Amino acid sequence: MRKLIVFLTILPLAVSCGHRHFAKEDGFQVEGSLENADNVQLLLEELTTRELIPLDTVQTDPHGVFKLTHPIEDAGFFILRLNQENFITLLVEPGERIRLTGDAKNLPETYSVEGSKGSSLLHELSKAKRRGYKQLDSLATVFREMKGYDNFQELRQDIDLAFTSIFEQQQRFVKDFIDQHPRSLASILALYQFFANQMLLKETEHFEYFEKLAQSLSGVYPDNKHVVDLKRRVNEWKLDEEHRQNVEERLAAGNIAPEIALPNPSGEIISLSSLRGNIVLIDFWAAWCNPCRQANPKLRELYDRYRNKGFEIYGISLDRNREQWLRGIEEDRINWIQVSDLRFWNSPVVSLYNVEAIPYNVLIDRDGKIIASGLSVAQLEEILSQRLK
């Protein structure tokens with residue numbers, strides 16, 4: 001499933017300024033006293049399901065004191081930003097009166113928050129992540145110091161194991177966090193937490209956390225946009241997974257390969273079924289795909305060796321630029337069948353054959369039945385040598 005990544009870094013606090021008397025129906029209030037923040041400007045942003053929306057600014061007084069209010073009707077994530085790298089995230093409920101303190105020189109490391117349970121949970125989540133990064137920094141220092149050692153490669157394995165241990169600690173933390181706070185929106189940010197440029201929890205491996213959190217939060221925040229978006233993603237993933245399983249069953253060895261009929265460079269429609277009587281490699285590639293281009297000369301060797309013995313290649317390009325496609329064919333001296341609808345990843349053949357990455361292939365026998373899929377050139381050569389003696 002193509003990805004939607006939500007800003008998963010324990011984002012800043014969202015606040016808004018106003019000068020009215022605060023009342024619960026107005027939304028929320030944030031007041032703070034920051035060190036090293038005399039007459040500085042704070043930016044308030046809202047973290048939605050897809051973007052950061054600037055809302056307001058407020059300026060501290062000469063003592064670093066500020067107060068602001070912002071109208072909201074439902075709980076949400078807000079960012080209070082001093083600059084691009086210096087910000088915090090708050091999880092705010094309507095009617096909350098929030099008190100902040102900290103050092104404006106390094107707000108994420110020094111701030112404390114009162115009056116908002118959700119914001120306190122995000123603070124806890126943020127501290128755990130910072131602890132992990134400090135461990136990584138120490139590990140990086142060790143790595144640099146060991147580079148000159150004779151047994152560096154052996155030591156590097158130990159460092160890799162240490163990195164994995166730190167990553168798994170962070171992973172366990174967010175799992176425990178979600179288990180302990182299944183009715184808090186803070187768990188949504190835990191669910192989408194990044195660490196060392198990787199998602200800690202992935203739908204493909206930890207789907208039960210996505211599903212159970214969507215269920216538990218729906219009972220507390222049935223109409224909240226963050227919960228609605230999580231439910232949508234869970235439902236889409238389930239539908240996609242069901243589709244993948246159906247396709248896998250349809251593409252199991254021994255089944256007839258689904259029909260394909262696409263135009264070649266001359267515009268002539270070439271159907272897969274027209275090649276019956278040959279062993280056919282359905283080859284998904286694109287001229288913009290470097291691994292595909294590197295594989296083409298090896299495929300050409302096999303094709304030249306077995307083409308007169310009943311082997312054919314049905315190349316399907318996932319290009320979207322006709323000139324680039326034709327140039328790739330010419331440069332790689334491709335002499336087998338080439339077809340494309342030039343619809344890139346939107347081509348119907350992508351979902352028909354469950355193509356998630358290229359190069360990818362499916363090998364079918366003379367009757368159009370699937371032999372195997374995802375073959376390396378070496379595996380393909382072994383099968384052809386046996387079947388086309």
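The values are calculated or read from the model by the stated rules, or taken from the named source; none is laboratory data. Model, not experiment: these values are computed from the prediction. Neighbour counts run over all protein chains shown; Cβ positions are idealised from the backbone, glycine included. Remember, those area values only see protein heavy atoms, side chains included, never the ligands or the DNA or RNA. Shrake-Rupley method; radii C 1.70, N 1.55, O 1.52, S 1.80 Å.
Using the Karplus curve 6.51 cos²θ - 1.76 cosθ + 1.60 with θ = phi - 60°, work out ³J(HN,Hα) for each residue of region 222-238 in order, rounded to whole Hz, and write x for Gly and Pro.
Result, rounded to whole Hz: x, 10, 5, 5, 5, 6, 4, 5, 4, 4, 4, 5, 4, 5, 5, 5, 5.
Residues of region 350-384 with amide nitrogen under 15 Å from the 7 Å Cα-to-Cβ point of Asp240?
The answer is 350-352, 354-357, whose backbone nitrogens lie closer than 15 Å to the label point.
Relative contact order, percent, of region 195-354 when contacts are C-alpha pairs under 8 Å separated by at least 6 residues?
On the way: 161 pairs, mean separation 32.6, N = 160.
Taking the mean separation of contacting Cα pairs over the length of region 195-354, I get 20 percent.
Taking amide H positions as placed 1.01 Å from N in the peptide plane, with prolines and chain starts having none, which residues 5 or more places from Gln193, or on another chain, fall under 5 Å of its amide H?
Leu200, Leu201
Just to be sure I understand the model, the point goes 7 Å from the Cα along the line to the Cβ. What's the resulting Arg327 to Gln215 distance in nm?
It is 5.3 nm.
I'd like the FRET efficiency for Asn83 and Gln198, computed as 1/(1 + (r/R0)^6) with the beta carbon distance as r and R0 of 35 Å, rounded to 0.05. Could you put the intermediate results ahead of the total?
Details: r = 26 Å, r/R0 = 0.75.
My answer for the efficiency is 0.85.
Hey, of (1) -0.75, -1.03; (2) -0.66, -1.01; (3) -0.53, -1.11, which did the structure itself give for log10 I(q)/I(0) by the Debye sum over Cα atoms at q = 0.09, 0.13 Å⁻¹ when calculated?
Computed from these coordinates, log10 I(q)/I(0) by the Debye sum over Cα atoms at q = 0.09, 0.13 Å⁻¹ corresponds to label (1).
Run the numbers for Arg130 and Thr48: contour at 0.36 nm per residue of separation, minus the present Cα-Cα distance, in nm.
Numbers: separation 82, 0.36 × 82 = 29.52 nm, distance 2.36 nm.
Residue separation times 0.36 nm, minus the Cα-Cα distance, leaves 27.2 nm.
Considering the chain as a Gaussian network with a 10 Å cut-off on Cα pairs, which listed residue, Ala186, Ala261, Ala378, attains the greatest mean-square fluctuation?
Ala378
Among DSSP beta bridges lying fully in the chain, give the percent that are antiparallel, nearest 5. Mind dumping the intermediate values first?
On the way: 41 of 59 bridges.
Within the chain, antiparallel bridges account for around 70 percent of the total.
Please identify every one of the GluC sites (Glu not before Pro) in region 69-115 that sits in a loop by DSSP and has no more than 13 other beta carbons within 10 Å of its own beta carbon.
Numbers: sites: Glu73, Glu85, Glu96, Glu109, Glu114; in loops: Glu73, Glu85, Glu96.
Answer by residue number: Glu73, Glu85.
Once you keep just the Cα pairs under 8 angstrom separated by 6 or more residues, what percentage relative contact order results for the chain? Show your work: numbers first, answer last.
Working: 678 pairs, mean separation 44.9, N = 389.
With pairs under 8 Å counted, the relative contact order is 12 percent.
Label-point separation (nm) for Val228 and Phe163, each offset 7 Å from Cα along Cα-to-Cβ?
4.1 nm
Where does each of Arg366, Arg293 land when they are ordered by accessible area, with a 1.4 Å probe and the largest first?
Values: Arg366 100, Arg293 50 Å².
Sorted by accessible area, descending: Arg366, Arg293.
Connecting C-alpha atoms closer than 10 Å in a GNM of the chain, tell me which of Pro182, Pro94, Pro291 has the biggest fluctuation.
Evaluated over the chain, the most mobile residue of the options is Pro291.
With a probe of 1.4 Å, find how much accessible area the chain has per residue, and write the answer as a whole number in Å².
51 Å²
With a cut-off of 8 Å between alpha carbons and a minimum separation of six or more residues, what is the relative contact order of region 289-362 in percent? It would help to have the intermediate numbers written out before the result.
Values: 58 pairs, mean separation 27.4, N = 74.
After rounding, I find 37 percent.
Need the full-extension length gain, Glu248 to Thr57, defined as separation in residues times 0.36 nm minus the C-alpha distance. One decimal, nm. If you can, show how the numbers build up before the last one.
On the way: separation 191, 0.36 × 191 = 68.76 nm, distance 5.29 nm.
Taking 0.36 nm per residue and subtracting the Cα distance, the gain is 63.5 nm.
Just Thr57, Thr89, Thr204 to compare: in a GNM of the chain, with alpha carbon springs under 10 Å, which one fluctuates most?
Thr204
Given the rule -39500 (n - 2.57) for each run of at least 4 DSSP H residues, summed and divided by the residues of the chain, what is its mean residue ellipticity at 222 nm, to the nearest 500 deg cm²/dmol? Working shown, then result.
Details: 10 runs with 156 residues, N = 389.
Taken over the chain, the calculation gives -13000 deg cm²/dmol.
What are the residues whose amide H is under 5 Å from the amide H of Phe28, where those residues sit 5 or more places off or on another chain and H is modelled from the backbone?
Those lying under 5 Å, H to H, from Phe28 are His70, Ile72, Gly95.
Below 20 Å Cα-Cα, how many Lys pairs turn up in region 31-149? Only count pairs eight or more apart in sequence, or on different chains, if you could. Show your work: numbers first, answer last.
Numbers: Lys67/Lys105; Lys67/Lys117; Lys105/Lys127; Lys105/Lys129; Lys105/Lys134; Lys117/Lys127; Lys117/Lys129.
Final tally of qualifying lysine pairs is 7.
Leaving out same-chain residues fewer than 8 places away, which lysines sit with a Cα under 17 Å from that of Lys238?
Result set, ordered by chain and number: Lys3, Lys202, Lys212.
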